[in-house]
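So the structure is just underneath, and the comments pick up after that.
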Amino acid sequence: MLTAKLFQISYLRNLIFDKMEYNFREVEKNWQAYWAKHKTFKAENTSAKHKYFVLDMFPYPSGAGLHVGHPLGYIASDIFARYKRLKGFNVLHPMGYDSFGLPAEQYAIQTGQHPRITTENNIARYREQLDKIGFSFDWDREVRTSDPQYYKWTQWIFIQLFNSWYNKQSNKAEQIETLFSEFEARGNASVIAACEETKIFTNADWTAFSDKEKSDILLNYRLAFLSDTMVNWCPQLGTVLANEEVKEGVSERGGYPVERKLMKQWSLRITAYADRLLTDIDALDWTDSIKEAQRNWIGKSEGTSIKFKVESEKLEEESFIEVFTTRPDTIFGVSFVTLAPEHDLVKQVTTADQKSAVEEYITFAKNRSERERMADVKKITGVFTGSYATHPFTGKQVPIWIGDYVLAGYGTGAVMAVPAHDSRDFAFANHFGIDKKVIILPAVDWDFADKSYDEKEGKLVNSDFLDGLEVKAAIKKIIAVIEERGLGKGKTNFRLRDAIFGRQRYWGEPIPVYYKNDIPYVLNEQELPLLLPEVDKYLPTETGEPPLARAKDWKYKGEFEYEYSTMPGWAGSSWYFLRYMDANNDKAFVSKNAVDYWQNVDLYIGGSEHATGHLLYIRFWTKFLNDLGFIPVTEPAKKLINQGMIQGVSAFVYRAFVFFPDEDKEKENYIDYYRKNPVFISKKIFELSINGDESAKNKIFSALQKIHKEAGFDSGIGLFQEKTAIHVDVNIVKNDVLDQSAFKNWREEYKDAVFITEENGDYICGSEVEKMSKSKWNVVSPDLMVEQYGADCLRLYEMFLGPLEQSKPWNTSGISGVSNFMRKLWRLYHNGDAVNISDEPATRPELKTLHKTIKKITEDIERFSFNTSVSNFMICVNELTEFKCNKREILEPLAIIISPYAPHIAEELWNRLGHNESVTYAEFPICKEEYLVESSFNYPVSFNGKTRFFQEYDRSLSKEDVEKEVLTLDQTHKYLEGKTPKKVIVVHNKIVNIVM
RNA sequence: GCCCAGUUGGCGGAAUUGGUAGACGCGCUGGUCUCAAACACCAGUAGGAAACUGUGCCGGUUCGACUCCGGCACUGGGUACCA
């Protein structure tokens, strides 16, 4: 009763107190409304100012809403965008939604609700959450990939890809018409294109071909093409997936198993751009890890193809196995040749004796799922074909094997095996007892019985004309010889595969293709967008066709056959940066004026998980659109920053089971009992009891006895040794201490929980850093933070947590420091409730504090070290508070420099300083170095290994003073009693060391 | 296995060019205010009684190393038979 009353009094006092304090709720609401009303952040497409394009990777609007980790990158980009505006740039800072995707569709399958509805609801929630944080987005330029006005242009780009081929001579994509006229004039003999190997035909042949034949040939050249390819098929999702969407043999979304399957599919010929995607990386200001990941993904390797003649009586014609190797120097070490199980020659080279064994093996390899293959990489499997090939140099017979360690899709699908110098060949040879021949002598001791020597260093032996050469010289020589004798030729291979483009799903962009007599045609531009039709169910049809086959009243239904696949999730996101430049244009995907002005993204912020997916595709499309002359740039983003992930800190309580020795020990019994009286052991006691601490055990035991007594039992009591850790909602845990009553109310089953606590009655939870997720009860919502501390506080704190690029756990308790800082900042400008600003000139120390801060903040922002900025603001405000500084001369620039970080409070202060315009239109102040000069300082002197502060000098540092350093030397001599030092080391005008 | 990033107090982290390591914040301890508490404010806070020792470990370069070089260990991320 008394405490309740007192609480009321203190509550009232706090209310009055609050009135004098910064009222972030009101201020933030007002300024957010002001920005929206005045379109403060609207970017114009024409300006005398320099442009600056700051882009975030737009989110997929999921049903779970945002957690505190999501806005991290947006806050950073917003700070930079606001900073650039203050620096006088015309800033484009847009936001949108990547709104096609699987989760909405899965939800639709379960509930029957149209994915559009789900998506719109989620977008509305995202928008609400984003608005609360006070971002400076130009919402007039919002894009949604699922909006027909947007995907019209995604479809249009697909059509451009379909209507293009890659000319390797000009090294760019060209209109398919140029190829067409070349075929009509001369056939394809002189065409060098990115395509599958094709038969040579003349212009006469071309004219004679049927329409279908012509179409098939052209498909082989088009950048968007249909082909029978091995795809990653996910039966549970009922769709194919790109390599990038498969992680460790299961689907990235959902984690379902993935199989290999041969299917007719739309693909994009990204491999045509492999070389350019690789070489252009170097010039980009992206992080090394992303650049490296892309290089590895493209996987360029230069080597040689070599032909091995097959010795087989069965074959009428001469037949060769072509292998690809990066180590032609090891040719004399070849002891067998291995074919991929899917290799064309497998059937022909298999002898009658081996036929059944080979067929058995091929069936085995085919049915082995991707997952199994990855799981037992070390398991070696293979079979001998019975045939031999002729070694091109020694003329000896080498056996031909089949093994699934050779991939059909890479190189030629066949390898020459050199067991002594390749670890995979070594393992294979060891397993099947094939002999090895050492042909490179390493400089170090090497046990060839144990492992292969794969290094590209050493001298060649047993290698005929290569003997005595170093590896590098040998490679050069052998390539020359191979080419001279026509045994093969230098060849470059890429790991990168063409991107499979069709998805057997509903919620995506329809591929704008229809079929007439089995020939694919693209729609006319006027017919776009090809709208996503309504369907009764979002599942495949009974005959296994994609959901779009269910559409009843599609435009040309019955007239032509439509393509039923939709585009993959990455289609819309592969060009969205361009749409922001001219988001509402219905004549073109972007106008020439707009793209000429905005060019490309200056700063792109997003997660590193897109390294080999989105970030590769967006570069590909950009290059393609540039080739066709639609845009002036070849890269989408000049600078890329990857923000780290914010992890959750899960809290745990430890549950002990109680049972009664004299009762039935069946499991149900004590589970039942526990449900009535769960016992929780604190982290400390839990750990101690594990380590066999007797006193802790006794403590648990006596606590259990107490519980037991209260329950009305007389008999002995026991503690079940296996304790369970339970995730507990982090919102009822503060500084590791559990809110015990909240915990009891949290779940019905914990209603009667009994706690074994520390001496002071606190229950200390265990904690662990994990991914932030609902199921782990460690999600902290930004709404809650904004509600409790304000948007500015959240923004500052997210930056303060640590370096932007680093992953770090969220810890709400630290936010109070930032909250305190906000109050101190407010008080600088106020005395009680009233604004208290003086027009007196500032003192030198005050000016020094200000300009030091301007300098540091500028440097911090420029090098994206936002965490140190927040510290520097705190130092600045602490110093000014100490000075009791309320000078306009100081506080006005302070409001400006803090505005990118804490825009709401900055606007309010700016307004209270008497300005009518938004602080956004102010000018970022420039540091005046003269105020930074030290008036006095200590010389630290290291002498005989000890550092002493030499003497305090009262002087300012100017250029002349630096030259007058001799004076300091005099002082040094005096100090050292007339001895002359050998060396006096001066750094930043300070003597730091004296060498005698 | 390979590639990339990292390892600093009780915790998050700072040190920008090789120049007084631990800024700033959290937490903790003590004090002021209060009947009491919360809030707020003030002081202290790497370890050690001290000499000294301290940036994952071993060694090197340097007058001087968290920073540069060589080797190792561990943590996180990416990748996976790419010939």
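A:Thr279: surrounded by fewer than 15 Cβ atoms within 10 Å (Cβ to Cβ) and either in contact with a helix residue (DSSP H, G or I) (Cβ under 8 Å, 6 or more places away or on another chain) or under 30 Å from A:Lys456 (Cβ atoms) (or both), yes or no?
Yes: the conditions hold for A:Thr279.
Going through the stretch A:309-330 one residue at a time, which ones are away from RNA strand B (no atom under 11 Å from the Cβ) and either within 13 Å of A:Asp422 (Cβ to Cβ) or among the hydroxyl-bearing types (Ser, Thr, Tyr) (or both)?
The answer is A:Ser312, A:Ser319.
Can you tell me which of (1) under 30 Å from A:Met645 (Cα atoms); (2) assigned to a helix (DSSP H, G or I) is the one A:Pro803 doesn't meet?
Of everything listed in (1) under 30 Å from A:Met645 (Cα atoms); (2) assigned to a helix (DSSP H, G or I), A:Pro803 misses just condition (2).
Tell me, which helices (runs of 4 or more DSSP H) lie completely within the stretch A:863-936 with 1 or more residues that are more than 16 Å from RNA strand B (Cβ to nearest atom)?
Numbers: elements: A:866-883, A:888-898, A:903-912.
Output list reads A:888-898, A:903-912.
Does A:Val780 satisfy being surrounded by 18 or more Cβ atoms within 10 Å (Cβ to Cβ), closer than 27 Å to A:Ser608 by Cβ and within 13 Å of RNA strand B (Cβ to nearest atom)?
No.
Please verify whether the stretch A:84-100 includes one or more residues that are of a type in the set (Gly, Ala, Ser) and surrounded by fewer than 20 Cβ atoms within 10 Å (Cβ to Cβ). Reasoning before the result, please.
Residues of the stretch A:84-100 that are of a type in the set (Gly, Ala, Ser), as a first pass: A:88, A:96, A:99.
Okay, now just the ones that are also surrounded by fewer than 20 Cβ atoms within 10 Å (Cβ to Cβ), so A:88.
Yes.
One line per residue, one yes/no per condition, for (1) surrounded by fewer than 17 Cβ atoms within 10 Å (Cβ to Cβ); (2) modelled with pLDDT under 85:
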residue: A:Asn493; (1), (2): no, no
residue: A:Trp554; (1), (2): no, yes
residue: A:Trp570; (1), (2): no, no
residue: A:Arg579; (1), (2): no, no
residue: A:Asn584; (1), (2): yes, no
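Scan the stretch A:242-249 and tell me whether some residue there is surrounded by fewer than 16 Cβ atoms within 10 Å (Cβ to Cβ), more than 23 Å from A:Gln294 (Cβ to Cβ) and either among the acidic types (Asp, Glu) or under 24 Å from the mean Cα position of the chain (by Cα) (or both).
No, the stretch A:242-249 has no match at all.
Please determine whether any residue of the stretch A:472-491 is of a type in the set (D, E, K, R), within 14 Å of RNA strand B (Cβ to nearest atom) and in a strand (DSSP E or B).
The answer is yes; a qualifying residue exists.
Cβ-Cβ distance below 7 Å, separation of 6 or more or different chains: which pairs start in the stretch A:815-840 with a residue that is surrounded by fewer than 17 Cβ atoms within 10 Å (Cβ to Cβ) and end on one that is among the aliphatic types (A, V, I, L, M)?
Hits for this filter: A:Lys824/A:Val877; A:Gly832/A:Met20; A:Asp833/A:Met20.
Can we say A:Ile641 is within 16 Å of RNA strand B (Cβ to nearest atom) and either surrounded by 19 or more Cβ atoms within 10 Å (Cβ to Cβ) or not in a helix (DSSP H, G or I) (or both)?
yes
How many residues, within the stretch A:308-334, are buried (at least 19 other Cβ atoms within 10 Å of the Cβ), at pLDDT 90 or above and either touching a helix residue (DSSP H, G or I) at 6+ places or on another chain (Cβ under 6 Å) or not hydroxyl-bearing (Ser, Thr, Tyr) (or both)?
Count: 12.
Could you look through the stretch A:401-436, keep only residues that are in a helix (DSSP H, G or I), more than 37 Å from the chain's Cα centre (by Cα) and surrounded by fewer than 21 Cβ atoms within 10 Å (Cβ to Cβ), and pick out the one that is nearest to RNA strand B (Cβ to nearest atom)?
Step one: list which residues in the stretch A:401-436 are in a helix (DSSP H, G or I), which gives A:419-421, A:423-432.
From the residues that got through so far, the ones that are more than 37 Å from the chain's Cα centre (by Cα) too are A:419-420, A:429-432.
Right, trim to surrounded by fewer than 21 Cβ atoms within 10 Å (Cβ to Cβ) and you get A:430-432.
Details: A:Asn430: 13, A:His431: 11, A:Phe432: 14 Å.
The selected residue is A:His431.
Considering the stretch A:616-638 alone, what residues qualify as being surrounded by 18 or more Cβ atoms within 10 Å (Cβ to Cβ) and part of a helix (DSSP H, G or I)?
A:Leu616, A:Tyr617, A:Ile618, A:Arg619, A:Phe620, A:Trp621, A:Thr622, A:Lys623, A:Phe624, A:Leu625, A:Asp627
Do we find that A:Phe577 is touching a residue at least 40 places away in the same chain (Cβ under 8 Å), of a type in the set (Phe, Trp, Tyr) and part of a helix (DSSP H, G or I) in this structure?
Against the criterion (touching a residue at least 40 places away in the same chain (Cβ under 8 Å), of a type in the set (Phe, Trp, Tyr) and part of a helix (DSSP H, G or I)), A:Phe577 qualifies.
Conditions (1) within 30 Å of A:Lys639 (Cβ to Cβ); (2) within 11 Å of RNA strand B (Cβ to nearest atom); (3) among the small types (Gly, Ala, Ser); (4) not in a helix (DSSP H, G or I), marked per residue:
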{"site": "A:Gly814", "(1), (2), (3), (4)": "yes, yes, yes, no"}
{"site": "A:Ser819", "(1), (2), (3), (4)": "no, yes, yes, no"}
{"site": "A:Arg823", "(1), (2), (3), (4)": "no, yes, no, no"}
{"site": "A:Arg827", "(1), (2), (3), (4)": "no, yes, no, no"}
{"site": "A:Pro841", "(1), (2), (3), (4)": "no, no, no, yes"}
{"site": "A:Leu847", "(1), (2), (3), (4)": "no, no, no, no"}
{"site": "A:His851", "(1), (2), (3), (4)": "yes, no, no, no"}
{"site": "A:Lys855", "(1), (2), (3), (4)": "yes, yes, no, no"}
{"site": "A:Glu859", "(1), (2), (3), (4)": "yes, yes, no, no"}
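The values are calculated or read from the model by the stated rules, or taken from the named source; none is laboratory data. The structure presented is a predicted model; accordingly, all values stated were derived computationally and were not measured. For neighbour counting, all protein chains shown are included, and Cβ atoms are generated from backbone atoms with ideal geometry for every residue, glycine included.
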